[in-house]
Every structure is written in C-alpha cells, then in structure tokens.
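Enquirer: Just dropping this structure here.
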Amino acid sequence: MTMPASESGITKRVVLAAADIDRALTRIAHEILEANKGSRDLVLLGIPRRGFPLAQRLAQKIASVDSSVDPDLITGQLDVTMYRDDLRRNPTRSPLATQLPPSGIDDKVVVLVDDVLYSGRTIRAALDALADLGRPRAVRLAVLVDRGHRELPIRADHVGKNLPTSSRERVRVHLAEIDLIGGSAVNEVVIEDRA
Amino acid sequence: MKHLLSTQDLSARNALRLLDVAEEMAAVGEREIKKLPALRGRTVVNLFYEDSTRTRISFEAAAKRLSADVINFAVKGSSVSKGESLKDTAQTLEAMSADAVVIRHPASGAPARLAASGWIDAAVVNAGDGTHEHPTQALLDAFTLRRHWAGLGGMPSAGSTLAGMKVLIVGDVLHSRVARSNVWLLTTLGAEVLLAGPPTLLPVGIASWPCTVFYDLDDALAQRPDAVMMLRLQAERMNAAFFPSTREYSRRWGFDDGRLALLDTMGLDDTVIMHPGPMNRGLEISSAAADSPRSTVLAQVRNGVSVRMAALYLLLSGDPHDEHDDETDDPTALILEGRTL
C-alpha cells in the first residue's frame, strides 16, 4: 500500500505492520530455541537503538515458551559506536550504554539482535566489540529485516523478513518502545523512496 | 567542537554531551580490556611547558585507551630550552602530523593562540594555561559532582544536570585556573557557586562573575554547601606577600579537622570535599579531611581519564569537513541514514 507522501517526492510503503512484526519475532524466538536445542546458555544482545527492544521482545517470547527463563537475565545491550569503521566519515556519534546480563558472555551462546541488516558493517563492529567483552561459545545473528546489499561476508542466522530493496530506498523500523509518531507509539517497517 | 580551550564558551548542550560520553567511557574503565579502537592510527601530542603529573598521565592514559598514539613532549630536555618559539614547535608537530595537541603553558591564552594561529590543523586541548582556564579539570569535577548529586537523588547521572546544587570553592582563586573553569562550567550546568578566600587572593573584577563571594570560610560553610572544593595554594606563582604566614592561612582558610567535624555537627552528611591535587596536606586541607569518606580526591583522578577520553573522542571523531557535527546529535537521525545500517 502506498501512502500519501508527507514531503514532496518521497513515497512511503508499509511492508510490515505491527502484527507482521510480532509474528516474525515469534518465529525467530522459536528458531533460536530450536537451533540452540533449548534455552541453555542463551544471551540476547541488542544493538542500539532498535536492536535492544527487539532483543527484549524475543526474550519475552522465549520466556513464554520456556518458563525456566527470566527474560531480564538473558537480555543485554551492546553498543558498537567505538568500533565502527566510519567514525571519520560521519558526524560524531555519541556512544550509548553497553549492558551485559549478570552472568556475562563467556562460554555463552550470544545472539546479536538488530533491526535491519544492510552492509553488514554494524555487525562487523559488533563482533569486534564482543571480543573485547569476553569469549562467547558461539555468536549468532537475528535481524528483523534483511534488505540485502552486503559489503562484508556476513549472513544472518534468523531473519524476520527478506526485503529486496534498491539502495536508493530507506528502510525505517519503528518500534513502540522508542518511536512516537504523531503522539502515538507505532510498530511498523516502512520503505521510503525518494522517487 | 574543534578545540577545547575554555569552559566559558562551552554550551550546556556540549558540556552535557561530553559528560554523557564520559559516563560510557567510565564503563570501559571497569572492563577487563580497557581499550577501544576509536582513535586507532591518530596521534595525540602532550605538549607540557609546565610540570604536571596527574594531568599528563591522565591524558596519556585517555589517549591510549582510545588506541591513539601518544607523543609526550616535555619542555625540559627539548629544543624549547634552546629558545624555540611556540610557533616553531607547533609547526614541527604539524609536520609530524599530530591530530590533537594537549597543551599546558604558563602563559594565559597560549592554547587559544595555537588554535587560532593557523600554525597547525590539529585539535587543541587546553590542559591549563597560566591563570586562565583548565577546562578538563572542571569537566572532571562536574562529572564527579554530577555522579554524587544524581546518586543522592536516586537518578542515573547520564542526562542529569547540577540544578539545585551548591558548590563552595575555597582558597587561592587569584592564581587558580581550576576555579575559573569551574565557576563557568558549574554555573552553566545549573549549580550555584560560592567562592571564599582572602581578599588578596581574589581577582579584580570578581564581582562580575556569576557567583557569591565570602571573605570568611565559616560564613560560607554556614550556607550549607553540597560540595566544598579546596584549591591548592600555588606557592610557585606567589611573587608577592598575599597573606602573613602559611599558619595563619591554614587556620583561616584551610579545611582542617575542626571544620570537618563542623560538617557533621551541621548535619551535612552528604557534603563532599574535593581537591584538584596535588594537595598541600596540613595547609589548605588536613590529612583527616583528605582521607575522610567525604573526600572525592581519588574519584576525581579516576574520572579524569574518562572525561579526557570523551574530550579526545569528541574532538577527533566525526567528519573533519563537516562544520555542523555539533548539530546532529540525535542518534536516530544517524542510524536511519540508509548506508550506516
């Protein structure tokens, strides 16, 4: 569905609505449990900003399947700002907090969670950041949207939706925990095109 | 932000941003691997025309934790003692492609001269110039105060200000760049600043400063400050008779055991005692006060590294050709740029 352009020349298309996001996350949560053969040693690390609420939602869903899991004890946030390879090419970024679960990440199975997988450079930075924090037994990657155009040999283990896009387009993920649009919290994935 | 020269022209927004970044840097200092790759391949020169231990070591540790290469340039044993001018030294550093110059100089305004002269492209950080300013010391004091103040209010320190806090600065304000930088910065961050010192050690024109001045330490303490910052008596800059004897100074202006006990009897349980170091124990601060649980002296040193990491990171990252990098601090605006995802 195409919505009226809010600014001249930009078309917006909702590709995932709230219910679609929820279904995709439910499936990813089950995939994570299946791949890990249960919830043992599982740690979900969200990449700011929108990866963190996604990690929290996944942890909730995992806890609703496996009652031995406390979602707060397996969720964390991993800031990758200082590990980016484009610090000199963009305006200065302020680092955000890194918070690991109390059990740490040594010998855990860490699932990195992000909203959109694009060039793969953020994930490269995340892997470097992780190496400075500990030594997980395995690292996996879960993303809500994979839009292609990879610039590094990086692949997601769990994908909510594969979205073929042109690099001219922008993929915007709005999550109720962070995004207020017109005063109301919204869950949606939108593709914007400056046609 | 291209240079960090003074706190007088630092906006509240930039100051808070620096303190917030310093919070994240402090978290790195608690990790097993205390190193970030953010400034890999960049060169930071410590250019010290005056003696310093903690400031130079602190800048060196900060630069190294950000993976920058550090060149320490102490004036003793360098060509400066052969009469080399600041300009020639600066151009030498430029030829060695320094990305940042941390300068301490006995002449007020030397860092500003270096930044404005066009001799070098590097970012200039003022690490203390004459009796003018010492911005990173004020920032680390503000950081220490903010953690204390936010902790009392039960709030996270990131994002909070010093609103409602009363800070008393005592002693040799005349020679103190620390006092000047703190007066501007703490006021910018919302604190109320009180100054106390002998009239001979207060500068001319102090009436125009945004603070209240007391000529008796006990009168100032009666205002129930939330923090008392003792300044070092700068004997090396004393070229006139500013007070009759050190003993009299200590009795009237020193934070001695009696005044430490006074804080308890006044019920000021949460008032902290600060000192920028190095301390003249028994002169402006007694050993009991310096070592009491109220003292933040060691926390200040620890926080100094975090604050200087934040300053170096903010000065040296970002697109050097982008003049507006201070304006785009909304992380969402950056993350949503398609190419950075």
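Enquirer: Tell me the residue from B:ALA163, B:ALA191, B:ALA207 that is crowded, with 19+ Cβ neighbours inside 10 Å and more than 27 Å from B:GLU236 (Cβ to Cβ), please. Walk me through how you get there before you give the answer.
Expert: Details: B:ALA163 fails: crowded, with 19+ Cβ neighbours inside 10 Å; B:ALA207 fails: crowded, with 19+ Cβ neighbours inside 10 Å.
Only one candidate qualifies: B:ALA191.
Enquirer: Look at A:ASP86 and say whether it is surrounded by fewer than 23 Cβ atoms within 10 Å (Cβ to Cβ), more than 19 Å from the chain's Cα centre (by Cα) and at pLDDT 95 or above. Steps first, answer last, please.
Expert: Numbers: surrounded by fewer than 23 Cβ atoms within 10 Å (Cβ to Cβ): yes; more than 19 Å from the chain's Cα centre (by Cα): yes; at pLDDT 95 or above: no.
So A:ASP86 does not fit the description; no.
Enquirer: Scan (1) away from every other protein chain (no Cβ under 14 Å); (2) out of contact with any helix residue (DSSP H, G or I) (no Cβ under 8 Å at 6 or more places or on another chain); (3) surrounded by fewer than 22 Cβ atoms within 10 Å (Cβ to Cβ) for the single condition A:LYS108 breaks and write down its number.
Expert: (3)
Enquirer: Could you list, in sequence order, the residues of segment A:140-167 that are closer than 30 Å to B:VAL28 by Cα, under 14 Å from the mean Cα position of the chain (by Cα) and without any contact (Cβ under 8 Å) to a residue 60 or more places away in the chain?
Expert: If the condition is that a residue be closer than 30 Å to B:VAL28 by Cα, under 14 Å from the mean Cα position of the chain (by Cα) and without any contact (Cβ under 8 Å) to a residue 60 or more places away in the chain, then A:LEU141, A:VAL143, A:ARG155, A:ALA156 are the ones that fit.
Residues checked against (1) assigned to a loop (DSSP other than H, G, I, E, B); (2) farther than 30 Å from B:MET238 by Cβ; (3) touching a strand residue (DSSP E or B) at 6+ places or on another chain (Cβ under 9 Å):
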{"residue": "B:ASP88", "(1), (2), (3)": "no, yes, no"}
{"residue": "B:LEU93", "(1), (2), (3)": "no, yes, yes"}
{"residue": "B:VAL102", "(1), (2), (3)": "no, no, yes"}
{"residue": "B:HIS148", "(1), (2), (3)": "no, yes, yes"}
{"residue": "B:GLY151", "(1), (2), (3)": "no, yes, no"}
{"residue": "B:MET155", "(1), (2), (3)": "yes, yes, no"}
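Enquirer: Among A:LEU127, A:LEU133, A:LEU144, A:LEU117, which is the only one that is of a type in the set (A, V, I, L, M, F, W, C) and under 30 Å from B:ALA15 (Cβ atoms)? Please lay out each step first, then the result.
Expert: Working: A:LEU127 fails: under 30 Å from B:ALA15 (Cβ atoms); A:LEU144 fails: under 30 Å from B:ALA15 (Cβ atoms); A:LEU117 fails: under 30 Å from B:ALA15 (Cβ atoms).
A:LEU133 is the lone residue from the list that is of a type in the set (A, V, I, L, M, F, W, C) and under 30 Å from B:ALA15 (Cβ atoms).
Enquirer: Quick test of your reading of the structure: B:ALA15 fulfils all but one of (1) among the hydrophobic types (A, V, I, L, M, F, W, C); (2) in a helix (DSSP H, G or I); (3) within 11 Å of chain A (Cβ to nearest Cβ). Name the failing condition by number.
Expert: (3)
Enquirer: Another question about this same structure. Look through A:ASP79, A:ASP70, A:ASP85, A:ASP66 and report the one residue that is out of contact with any Asp or Glu (no Cβ under 8 Å at 6 or more places or on another chain), within 14 Å of chain B (Cβ to nearest Cβ) and among the acidic types (Asp, Glu).
Expert: Numbers: A:ASP79 fails: out of contact with any Asp or Glu (no Cβ under 8 Å at 6 or more places or on another chain); A:ASP70 fails: within 14 Å of chain B (Cβ to nearest Cβ); A:ASP66 fails: within 14 Å of chain B (Cβ to nearest Cβ).
When all the criteria are applied, what remains is A:ASP85.
Enquirer: Which number in (1) among the hydrophobic types (A, V, I, L, M, F, W, C); (2) surrounded by fewer than 20 Cβ atoms within 10 Å (Cβ to Cβ); (3) assigned to a helix (DSSP H, G or I) marks the one condition that A:ALA97 misses?
Expert: A:ALA97 satisfies all of (1) among the hydrophobic types (A, V, I, L, M, F, W, C); (2) surrounded by fewer than 20 Cβ atoms within 10 Å (Cβ to Cβ); (3) assigned to a helix (DSSP H, G or I) except (3).
Enquirer: Additional query: If we only count strands (runs of 3 or more DSSP E) wholly inside segment A:129-195, which ones have 2 or more residues that are more than 17 Å from A:PRO48 (Cα to Cα) and touching an Asp or Glu at 6+ places or on another chain (Cβ under 8 Å)? Give the derivation first.
Expert: On the way: elements: A:138-146, A:158-162, A:170-174, A:188-194.
The strands (runs of 3 or more DSSP E) meeting that bar are A:158-162, A:188-194.
Enquirer: Additional query: Identify all residues within segment A:57-76 that are among the polar types (S, T, N, Q) and either surrounded by 22 or more Cβ atoms within 10 Å (Cβ to Cβ) or assigned to a helix (DSSP H, G or I) (or both); write none if there are none. Show your work before the answer.
Expert: Pass one, segment A:57-76, residues among the polar types (S, T, N, Q): A:60, A:64, A:67-68, A:75.
Across segment A:57-76, the qualifying residues are A:GLN60, A:SER64, A:THR75.
Enquirer: Under the condition of being touching an Asp or Glu at 6+ places or on another chain (Cβ under 7 Å) and more than 30 Å from B:LEU316 (Cα to Cα), which residue from segment A:42-56 is surrounded by the fewest Cβ atoms within 10 Å (Cβ to Cβ)? Don't jump to the end; show me each part of the working.
Expert: From segment A:42-56, those touching an Asp or Glu at 6+ places or on another chain (Cβ under 7 Å) are A:47-48, A:50-51, A:53-54; that's our starting set.
Pick out the ones that are also more than 30 Å from B:LEU316 (Cα to Cα) and you get A:53-54.
Values: A:PRO53: 22, A:LEU54: 25.
Filtering segment A:42-56 for residues that are touching an Asp or Glu at 6+ places or on another chain (Cβ under 7 Å) and more than 30 Å from B:LEU316 (Cα to Cα), the one surrounded by the fewest Cβ atoms within 10 Å (Cβ to Cβ) comes out as A:PRO53.
Enquirer: Identify all residues within segment B:223-236 that are buried (at least 19 other Cβ atoms within 10 Å of the Cβ), at pLDDT 95 or above and touching a Phe, Trp or Tyr at 6+ places or on another chain (Cβ under 9 Å); write none if there are none.
Expert: B:ASP226, B:ALA227, B:VAL228, B:MET230
Enquirer: For the list (1) in contact with a Leu (Cβ under 6 Å, 6 or more places away or on another chain); (2) within 14 Å of another protein chain (Cβ to nearest Cβ); (3) buried (at least 23 other Cβ atoms within 10 Å of the Cβ), I need the number of the one condition that A:LEU117 fails.
Expert: All conditions pass for A:LEU117, except number (1).
Enquirer: Please find, within segment B:18-49, the residue that is nearest to the other protein chains (Cβ to nearest Cβ) out of those that are buried (at least 19 other Cβ atoms within 10 Å of the Cβ) and among the acidic types (Asp, Glu). Give the steps one after another, and end with the answer.
Expert: Narrowing segment B:18-49 to residues buried (at least 19 other Cβ atoms within 10 Å of the Cβ): B:18-26, B:28, B:36, B:38-39, B:42-49.
Checking the rest, the ones that are also among the acidic types (Asp, Glu) come to B:20, B:23-24.
Details: B:ASP20: 6, B:GLU23: 8, B:GLU24: 4 Å.
So, considering only residues that are buried (at least 19 other Cβ atoms within 10 Å of the Cβ) and among the acidic types (Asp, Glu), the one nearest to the other protein chains (Cβ to nearest Cβ) is B:GLU24.
Enquirer: Of everything in segment A:41-56, what is in contact (Cβ under 8 Å) with a residue 60 or more places away in the chain and either under 16 Å from A:ASP70 (Cβ atoms) or assigned to a strand (DSSP E or B) (or both)? Give them in sequence order.
Expert: A:ASP41, A:LEU42, A:VAL43, A:LEU44, A:LEU45, A:GLY46, A:GLN56
Enquirer: Out of B:ALA220, B:ALA288, B:ALA311, I need the residue that is in a helix (DSSP H, G or I), out of contact with any Ser or Thr (no Cβ under 7 Å at 6 or more places or on another chain), crowded, with 17+ Cβ neighbours inside 10 Å and not charged (D, E, K, R). Which one? First the steps, then the outcome.
Expert: Numbers: B:ALA288 fails: crowded, with 17+ Cβ neighbours inside 10 Å; B:ALA311 fails: out of contact with any Ser or Thr (no Cβ under 7 Å at 6 or more places or on another chain).
Result of the check over B:ALA220, B:ALA288, B:ALA311: B:ALA220.
Enquirer: Right, A:PRO91: surrounded by 17 or more Cβ atoms within 10 Å (Cβ to Cβ), more than 19 Å from B:VAL28 (Cβ to Cβ) and either in contact with a helix residue (DSSP H, G or I) (Cβ under 6 Å, 6 or more places away or on another chain) or at the interface with another protein chain (Cβ under 7 Å from one of its Cβ atoms) (or both) or not?
Expert: Numbers: surrounded by 17 or more Cβ atoms within 10 Å (Cβ to Cβ): yes; more than 19 Å from B:VAL28 (Cβ to Cβ): yes; either in contact with a helix residue (DSSP H, G or I) (Cβ under 6 Å, 6 or more places away or on another chain) or at the interface with another protein chain (Cβ under 7 Å from one of its Cβ atoms) (or both): yes.
So A:PRO91 passes the test.
Enquirer: Please work out if B:ASP319 is at pLDDT 65 or above and within 12 Å of chain A (Cβ to nearest Cβ).
Expert: yes
The values are calculated or read from the model by the stated rules, or taken from the named source; none is laboratory data. Everything numeric in this text was worked out from a predicted model, so none of it was measured. Every residue, glycine among them, receives a Cβ derived from its backbone with ideal geometry; neighbour counts consider all protein chains shown.
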